[in-house]
1. Just to verify a result, which residue in region 68-102, among those that are under 11 Å from residue 14 (Cβ atoms) and assigned to a helix (DSSP H, G or I), is farthest from the chain's Cα centre (by Cα)?
2. Between 79, 86, which is touching a residue at least 60 places away in the same chain (Cβ under 8 Å), within 15 Å of residue 24 (Cβ to Cβ) and of a type outside the set (Phe, Trp, Tyr)?
3. Tally the residues that are farther than 19 Å from residue 61 by Cβ and in contact with a helix residue (DSSP H, G or I) (Cβ under 7 Å, 6 or more places away or on another chain), restricting the search to region 78-102.
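We did not get these values from a lab; they are worked out from the coordinates using the rules stated. Not measured: the values here are computed from a predicted model. So basically every Cβ, Gly included, is an ideal-geometry build from the backbone, and we count neighbours across all protein chains shown.
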Amino acid sequence: MKDTTKPQRKVVYKITYPNGKIYVVKDLTNSITCFGNVNEELVARDFTRKQRRDFTVRREVIWESDTASDEEVSGVEAAYIRALGANDPKMGYNEWPEHKPS
């Protein structure tokens with residue numbers, strides 16, 4: 001049975017694919033199996049059939065909190081997406097917030 005007396009740790013991950021592109025995602029439950037909900041078609045078109053057969057994806061926690069509200073976590077996620085350029089199609093797979101080239 002899950003212990004609900006402690007607040008749930010909330011995290012923001014940076015997921016890095018073998019081509020160097022990144023995807024930033026929040027996880028409000030700190031699940032070990034969370035890899036986000038990246039657009040499969042965007043990722044698939046960057047890899048050949050052979051490359052898709054065997055590759056490693058890195059997931060790293062870039063921010064965490066035991067006290068942040070869900071809204072605060074969403075704000076942190078968006079800030080990291082912008083700061084890391086994860087919403088720039090040349091650098092990442094985040095489709096939100098919309099990338100505005102300078």
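1. Checked region 68-102; the qualifying residue farthest from the chain's Cα centre (by Cα) is 83.
2. Numbers: 79 fails: touching a residue at least 60 places away in the same chain (Cβ under 8 Å).
Within the list 79, 86, the selection yields 86.
3. Summing the residues that are farther than 19 Å from residue 61 by Cβ and in contact with a helix residue (DSSP H, G or I) (Cβ under 7 Å, 6 or more places away or on another chain) in region 78-102 gives 2.
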